[in-house]
Structures are given as structure tokens and as C-alpha cells.
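Comments concern the structure below.
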Amino acid sequence: QWAAAAAKGGKGWGGAWGGEEVTLFVSGLPPGVERREVLNIFRQYAGFSSLRLVSREDHSIGFVSFATTAQAQFVADALTGYVFDQEVPPEMQTQLSVAPAKEKLKGR
């Protein structure tokens with residue numbers, strides 16, 4: 001997937017304005033997570049540009065955008081499997097899953 005997006009200049013993953021910006025889909029966020037908590041995880045990485053958080057009663061998901069495909073891939077590789085809250089009992093812990101967002105889901 002990454003190679004295909006890189007070959008397209010990243011446009012398949014968020015280049016709505018003709019740039020290379022790449023949006024990642026983030027699952028494994030706990031219900032009720034605060035936007036600030038998620039921002040603190042992602043904004044430390046180079047190329048971070050935006051976060052959209054969608055909260056439901058039983059789960060939350062996020063869409064995080066980065067300036068380039070390489071930056072997005074680095075973050076996806078680094079954070080997939082990240083345990084969100086190690087202070088809660090193991091049966092309540094959630095692990096992040098980070099992958100390229102599908103084009104039709106990003107605009108919602």
C-alpha cells in the first residue's frame with residue numbers, strides 16, 4: 001500500500017489540494033478519549049498537520065494527517081501496537097492500529 005501511494009505522490013491518500021498530505025486511520029482508541037490525549041501522541045512526529053477524532057459511546061476513532069507519505073509511514077510503523085493506557089488492568093487496555101485511511105472515509 002505504501003509503495004502504491006508513494007508512486008502516486010501520496011495523492012491517493014489525501015492530496016485533495018494537489019499536495020502529498022497523507023491521512024492515517026487510527027483505531028484502538030478507548031471510549032471517551034480526549035482530543036488532547038490523542039494530539040499528545042501524534043503531534044510530536046514530524047509532518048503532523050491535523051487530527052479529527054470521532055467518538056461513539058463504545059469506541060473512538062481518529063484520522064491523523066501528515067505532510068508526506070514517508071512521515072505517515074514512520075508514524076504508522078512506530079505506533080501500531082502502542083498500548084494507550086498501561087495504568088488500566090490488562091483486560092481493559094487497548095492497542096492502537098494505524099493504517100492509511102480509505103479515500104471515501106476521510107471526508108466524513
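Throughout, read-outs are computed from the coordinates displayed, never taken from laboratory work. Predicted model, so just to flag it, every value in this text is computed and none were measured. Quick reminder, even Gly has a Cβ in these numbers, built from the backbone with ideal geometry, and neighbours come from all protein chains shown.
Eigenvalues of the Cα gyration tensor times 5, then square-rooted: what semi-axes does that give for the range 22-100, in whole angstrom, largest first? It would help to have the intermediate numbers written out before the result.
On the way: eigenvalues 88, 34, 21 Å².
Taking √(5λ) for each eigenvalue gives 21, 13, 10 Å, largest first.
The GluC sites (Glu not before Pro) of the range 24-108 that DSSP puts in a loop, and whose beta carbon has at most 10 other beta carbons within 10 Å, are GLU57, GLU87.
Between LEU24 and VAL64, SER65, PHE66, ALA101, the built amide H atoms are under 5 Å apart, and every one of these is 5 or more places off in sequence or on another chain.
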